[in-house]
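The values are calculated or read from the model by the stated rules, or taken from the named source; none is laboratory data. Because the structure is a prediction, the values reported are computed rather than measured. For neighbour counting, all protein chains shown are included, and Cβ atoms are generated from backbone atoms with ideal geometry for every residue, glycine included. These accessible areas exclude ligands, DNA and RNA; they are computed on the full protein's heavy atoms, side chains included. Shrake-Rupley method; radii C 1.70, N 1.55, O 1.52, S 1.80 Å.
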Amino acid sequence: MKFSNCLLLFLAGTVLVFLALFLFTNPVANLVAYSWWIAFGLLVASIAAILGYFSVPKELRSPVYLFEGIVNLLLALYLVAYGFVTLPVVIPTILGIWLIVEAIIAFFKGNRLGLIFPIIGSHIMWIALLAFLLGLVILFNPVATSVFVVYVVAFAFLIAGFTYIVDAFRK
């Protein structure tokens, strides 16, 4: 491997390891920083959606798209104003609700599929039950879920960083 490739792998690995250590030392502060980035991203996306509504010809415009853009803009402004407090709770709450709804849908699908393929239907219903329970855990403890996600991301960065460093010294 060329020296420049080894150097770049070593630098990327070092950056990922330091980022992982930074995430491990203070996960709540990093969660707050991520919430600001997500809030500003949603703000830009909602403004783009509203401008996109007005950029299409009148015959192709639907009030649903304008309504969606305005609702997203209001949510984005709220998250920008209070994002450091609300977003670490909002995202896991939405994820928990989504898991519960998907689990209920999967349960009914598994029940109907169980009439044709009993083994597959049974497995789907067990997975739906586990997804439902996971959704409840996430829904009733969203901050701990957010901190857990930060730790998982930090661990992934740590593994990737060490892998890059080892690859830099391999021939």
Does region 68-90 include one or more residues that are farther than 29 Å from Phe140 by Cα, touching a helix residue (DSSP H, G or I) at 6+ places or on another chain (Cβ under 9 Å) and not charged (D, E, K, R)?
yes
Restricted to region 118-171 and to residues being open to solvent by less than 60 Å² (accessible area, probe 1.4 Å) and of a type in the set (Ser, Thr, Tyr), the residue nearest to Leu8 (Cα to Cα) is Ser146
Neighbours by Cβ (under 7 Å, 6+ apart or cross-chain): first from region 80-108, open to solvent by 80 Å² or more (accessible area, probe 1.4 Å); second at pLDDT below 75
Phe84/Val32; Phe84/Ser35; Phe84/Trp36
Could you please tell me which pairs satisfy a Cβ distance under 6 Å, a separation of 6+ or placement on different chains, a first residue in region 53-69 that is within 21 Å of Leu43 (Cα to Cα), and a second residue that is of a type in the set (Val, Ile, Thr) and at pLDDT 85 or above?
Gly69/Ile50
From Ala33, Ala48, residue being assigned to a helix (DSSP H, G or I) and at pLDDT 80 or above
Ala48
Looking at Ala20 and the list (1) under 18 Å from Gly161 (Cα atoms); (2) hydrophobic (A, V, I, L, M, F, W, C); (3) loosely packed, with under 14 Cβ neighbours inside 10 Å; (4) in contact (Cβ under 8 Å) with a residue 40 or more places away in the chain, which single condition is not satisfied?
(3)
Flag if Leu73 is part of a helix (DSSP H, G or I), open to solvent by less than 60 Å² (accessible area, probe 1.4 Å), among the aliphatic types (A, V, I, L, M) and at pLDDT 80 or above
yes
